[in-house]
């Protein structure tokens, strides 16, 4: 099978969803729907993102950082890296406005670094110019003892439902022995 034919192959789940959609909306014009294969401006995010955002917000009490994390995901590519050329734009996209928008955004970014969801390196626009996003399932697992049991179980349940096999503890760093 070629790469092109593999890309065109429709899964059983996709077939079922399309059949259900067609039965509920028989006169639907497909042009009204978002199709990531036909338009630009999309990214891949974990299907568990709403739960991850809720977990982040619960860990950053009264200083929610879940939306900041989501904004970072919306700007990254498969390399999990982004360079932030205009932090004020990300602050605004995260919902922060007014005089303290930028300082609030920076505070939430520090929280994401402290929790281990991201790492940041200094660059031309400040301490968070270069940002690396880590696998949130691994981070959440490492923070398991700080997360309410109910929401952690819900994340595990959702991960199983979608077949996310990465919802397991991260591997400890192996000792490197000099040769």
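The values are calculated or read from the model by the stated rules, or taken from the named source; none is laboratory data. All values reported here derive from a predicted model rather than from experimental measurement. FYI the Cβ positions are ideal-geometry reconstructions off the backbone, even for glycines, and counts take in every protein chain you see.
Within the range 107-125, if we keep just the residues that are in a strand (DSSP E or B) and touching a residue at least 40 places away in the same chain (Cβ under 8 Å), the residue that is farthest from residue 66 (Cα to Cα) turns out to be 123.
Mind telling me which of the residues 121, 63 ends up being more than 22 Å from residue 43 (Cα to Cα), touching a helix residue (DSSP H, G or I) at 6+ places or on another chain (Cβ under 9 Å) and surrounded by fewer than 17 Cβ atoms within 10 Å (Cβ to Cβ)?
Working: 121 fails: touching a helix residue (DSSP H, G or I) at 6+ places or on another chain (Cβ under 9 Å).
Testing whether each residue is more than 22 Å from residue 43 (Cα to Cα), touching a helix residue (DSSP H, G or I) at 6+ places or on another chain (Cβ under 9 Å) and surrounded by fewer than 17 Cβ atoms within 10 Å (Cβ to Cβ) leaves just 63.
Residues that are part of a loop (DSSP other than H, G, I, E, B) and either at pLDDT 95 or above or touching a helix residue (DSSP H, G or I) at 6+ places or on another chain (Cβ under 7 Å) (or both) were ranked within the range 149-179; the one that is nearest to residue 54 (Cα to Cα) is 167.
Scanning the range 12-52 for residues that are farther than 30 Å from residue 66 by Cβ and assigned to a helix (DSSP H, G or I) gives 12, 15, 16, 18, 19, 20, 22, 23, 24, 30, 31. Taking the listed residues 96, 77, 70, the one that is within 21 Å of residue 130 (Cα to Cα) and exposed (fewer than 11 other Cβ atoms within 10 Å of the Cβ) is 77, with no other qualifying. Scanning the range 56-106 for residues that are part of a loop (DSSP other than H, G, I, E, B), more than 16 Å from residue 120 (Cα to Cα) and without any contact (Cβ under 8 Å) to a residue 24 or more places away in the chain yields 61, 62, 96, 97, 98, 99, 100. The set of residues from the range 136-145 being exposed (fewer than 15 other Cβ atoms within 10 Å of the Cβ) and either closer than 30 Å to residue 97 by Cβ or within 17 Å of the chain's Cα centre (by Cα) (or both) comprises just one member, 142.
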